[in-house]
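Beneath this line is the structure, given in structure tokens, with notes to follow.
What follows is calculated from the coordinates using simple rules that are stated; it is not laboratory data. From a predicted model like this one, the values you see are computed outputs, not experimental measurements. Every residue, glycine among them, receives a Cβ derived from its backbone with ideal geometry; neighbour counts consider all protein chains shown.
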Amino acid sequence: MHLHRLRLPLLTLGAALALAAPSPAAAPRDVLFIAVDDLNDWTGHLKGHPQARTPNIDRLVARGVTFTNAHCAAPACNPSRAALMSGLRPWQTGIYTNGDPAAPVLKDVTTINRYFLANGYNTLGGGKIYHGFPSEGRNDSWTQWVGLFPTGGKNVHNLNGLDRDHFDWGPLTISSAEMGDSKLTDWAIDQLHTAPADQPLFLAVGYVKPHLPWYVPQEYFDRFPLDEIQLPKVKPDDLSDIPAAGVAMAKPEGDHAAVVAAGQWKNAVQAYLATISFLDDQVGRLLDAVEASPRGREMIVFWWTDHGWHLGEKEHWRKFALWEDATHTSFGITVPGVSKIGGRCEASVDYTSIYPTLCEAAGLPVPSHVTGPSLMPLLKDPDATWEHPAVCTHGRGNHAAIDGRYRYIRYSDGSEELYDHQSDPNEWTNLAGEVGVSEIKQRLSSVMPAADTEVPSTSGEKKAKEKGSNKTPQTGSGQGKGKNKGKGQGKNAKKTQAN
Ligand SMILES: [Ca+2]
Ligand SMILES: [Ca+2]
């Protein structure tokens, strides 16, 4: 993609270096940057499911401020992470979906890890931060990128009998220590202890659970007996007031029909809770190490999950939609000495605020291409005034805007949904056609881009190239070639691309 096609000026790495004047007075602060794949609000601190048990995640976010109304910039791995790490929205980069290549754009953008690297940080990354190897495993963007850690044991598949690829769940016979995320935790703890003390540390730890398949050791399933499992609250005819564009995202005839027909709904809820519980154990081990070390206790900690997840609400499964269950995330920030301990912030925030907040917390200037509002005022006072609706985009032209009370969805064909969380927290009643809501819709649509300002998708550009258009992107050389292959990278790239 030509950079001039982006709607905001980008900052090249060279410019970032020039801009990165030495920060005054205080030494740069260490950062622990924890990403989680596919965890929705089924945590103790967000109460998205009454049986979710996450004492360690709750303990982690309670060290600082938890954002209870936080949303991804896009409800899928690739575009959510690309937006978060670049500070640029899907409509500025063309990275709208998992099918839109990120590397051709990101290679020319000062991403968070590049910026911290350019500012003298020891940037160490493991697990999953971006979506797929071509987007993240580059020698010029991390001090060291170690990639995914493979899970041991025999390969298993179709444990639930649905035969729907990685849409699968069931217990493993291996120990917890053989799980990839357990090895990732070991690696992260080791870095906390061994990273050079005289260089600021940016440690990025990307957990891949609770992403599908929900395979974890039996002990985690045993924590949630099947006969006690509660299904999510669902309204049977919920899709009846939703426009065709929304029903197309729900795809009720797909996963949901298959799960119900096979009698697997409770099993799925059990498996997701079990996988979250496994993740929580790993977070607990990491947090114990952080709190046991003088360096760890002073670290800035960012915790984020890349989007939400439906388990049958609106007859929908997975992410890939613009409703609360797909966009709502678990998100917390601790800046020791700054953030309010145990703070809960109800302001509507989205992930384009992560980049600027991280810079300010670490004492670095915010790059000029990063325009999301900083959350620093909310870290100090979680009740401070906040007038920025969160925005989430799923595919070009489809957006949700969320404020402290409403969710307004507008699809590319102009059809709409509006929900009032004060009276309808489950988003069962679409108010978009009611009398007297035009002011609300107008206010929330004002933060959405006009259709003609949204850049084409990166995959769309590729199609244009195939057709011989002169609008072909310049993809440069070398991206995605795997120069920096670490542990299991080739395999990992394939795996995550399917997510
Ligand atoms: Ca994800
Ligand atoms: Ca409905």
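Which one of these does R89 not meet: (1) among the basic types (K, R); (2) surrounded by fewer than 24 Cβ atoms within 10 Å (Cβ to Cβ); (3) within 19 Å of V447 (Cβ to Cβ)?
(2)
Please verify whether A35 is in contact (Cβ under 8 Å) with a residue 60 or more places away in the chain, away from ligand 2 (no atom under 16 Å from the Cβ), part of a strand (DSSP E or B) and under 14 Å from H307 (Cα atoms), treating the condition exactly as stated.
yes
What number of residues within the range 194-208 satisfy the criterion of being part of a loop (DSSP other than H, G, I, E, B) and either in contact with a Pro (Cβ under 9 Å, 6 or more places away or on another chain) or over 13 Å from T305 (Cα atoms) (or both)?
6
Being touching a helix residue (DSSP H, G or I) at 6+ places or on another chain (Cβ under 6 Å) and in a loop (DSSP other than H, G, I, E, B) is the filter; apply it to the range 209-230 and report the residue that is farthest from ligand 2 (Cβ to nearest atom).
R223
Do we find that K266 is within 16 Å of ligand 2 (Cβ to nearest atom), over 30 Å from D30 (Cβ atoms) and either in contact (Cβ under 8 Å) with a residue 60 or more places away in the chain or more than 23 Å from the chain's Cα centre (by Cα) (or both) in this structure?
no
Assigned to a loop (DSSP other than H, G, I, E, B), of a type in the set (A, V, I, L, M) and buried (at least 24 other Cβ atoms within 10 Å of the Cβ), is that true of L60?
So L60 fails the test.
How many residues does the range 397-415 hold that are of a type outside the set (G, A, S), surrounded by fewer than 20 Cβ atoms within 10 Å (Cβ to Cβ) and out of contact with any Asp or Glu (no Cβ under 9 Å at 6 or more places or on another chain)?
Counting residues in the range 397-415 that are of a type outside the set (G, A, S), surrounded by fewer than 20 Cβ atoms within 10 Å (Cβ to Cβ) and out of contact with any Asp or Glu (no Cβ under 9 Å at 6 or more places or on another chain) gives 1.
Looking only at the range 355-389, which residues are hydrophobic (A, V, I, L, M, F, W, C) and touching a Phe, Trp or Tyr at 6+ places or on another chain (Cβ under 8 Å)?
L358, C359, A362, L364, V366, V370, L375, L378
Taking the range 179-218 on its own, how many of its residues are closer than 20 Å to V156 by Cα and loosely packed, with under 15 Cβ neighbours inside 10 Å?
Residues in the range 179-218 being closer than 20 Å to V156 by Cα and loosely packed, with under 15 Cβ neighbours inside 10 Å: 1 in total.
Report every pair of residues separated by at least 6 positions or lying on different chains whose Cβ atoms are under 8 Å apart, first residue within the range 426-446 and within 19 Å of C392 (Cβ to Cβ) and without any contact (Cβ under 8 Å) to a residue 40 or more places away in the chain, second more than 16 Å from ligand 2 (Cβ to nearest atom) and assigned to a helix (DSSP H, G or I).
Final answer for the pair search is A432/K441.
Among the residues of the range 204-250, count how many are within 16 Å of ligand 1 (Cβ to nearest atom) and of a type in the set (K, R).
The qualifying residues number 1.
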